[in-house]
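Below is one structure, written out as structure tokens; the observations come after it.
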Amino acid sequence: MRHLKHLKHLTLILAAVAGLLFLGACASSTSHPTRPPPPQTVTVTPDAGSNATFKTLRVGDTLRVVLNGNPPQGGYAWINAGIADTVVEQQGGAVFAPASRPGATDTVTFTFVAKRAGAQMLNLAYRRLNDQTTPFEKTYGVSVVVQE
């Protein structure tokens with residue numbers, strides 16, 4: 001009998017706490033509506049000797065990966081090495097940009113848009129264009145986590 005009385009008190013206390021938490025959550029969600037942050041552009045430029053990085057994005061964000069490279073007519077180029085467009089989607093092809101000043105390095109830019117929440121590994125590879133059998137000269141990976 002005594003245990004039953006304590007159980008009733010404990011049940012009432014738990015119900016009251018749950019009710020207060022529910023009311024607090026309702027009040028905070030209705031009185032302060034939040035807007036999602038505007039989409040951002042994140043640019044990745046590898047450090048010398050680096051072959052991978054990690055980035056966190058939100059749905060709608062743009063990821064630009066800028067790599068040192070040569071014009072495609074030089075026989076070598078950066079390629080999309082088996083990227084499945086599931087979480088982030090590549091926008092167009094790789095864009096080559098010649099160096100802006102003498103002695104600077106030419107660049108190749110890949111652009112991706114975060115389409116849905118999840119994780120994906122982007123694999124970019126530098127290879128001889130006319131030889132699909134030799135290993136890649138260089139690779140660069142970007143591990144991407146996309147949040148809502």
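Numbers for the structure displayed
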| quantity | calculated |
| --- | --- |
| Within the range 80-148, strands (runs of 3 or more DSSP E) holding 3 or more residues that are in contact with a His (Cβ under 7 Å, 6 or more places away or on another chain) | none |
| Some residue of the range 106-115 being of a type in the set (Lys, Arg) and over 15 Å from residue 64 (Cα atoms) | no |
| Meets criteria (hydrophobic (A, V, I, L, M, F, W, C) and either in contact (Cβ under 8 Å) with a residue 40 or more places away in the chain or in contact with a Pro (Cβ under 8 Å, 6 or more places away or on another chain) (or both)) for residue 95 | no |
| Unique match (being touching a residue at least 60 places away in the same chain (Cβ under 8 Å), surrounded by 14 or more Cβ atoms within 10 Å (Cβ to Cβ) and touching a Phe, Trp or Tyr at 6+ places or on another chain (Cβ under 9 Å)) among 62, 53, 107 | 53 |
| The range 62-83, residues that are modelled with pLDDT under 90 and under 22 Å from residue 100 (Cα atoms) | 69, 70, 71, 72, 73, 74, 75, 76, 77 |
| All positions within the range 120-140 that are without any contact (Cβ under 8 Å) to a residue 40 or more places away in the chain and either in contact with a Gly (Cβ under 8 Å, 6 or more places away or on another chain) or surrounded by 11 or more Cβ atoms within 10 Å (Cβ to Cβ) (or both) | 120, 121 |
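The values are calculated or read from the model by the stated rules, or taken from the named source; none is laboratory data. Computed from a predicted model, the values in this text were never measured in an experiment. In this analysis, Cβ positions are derived from the backbone assuming ideal geometry, glycine residues included, and neighbour counts consider all displayed protein chains.
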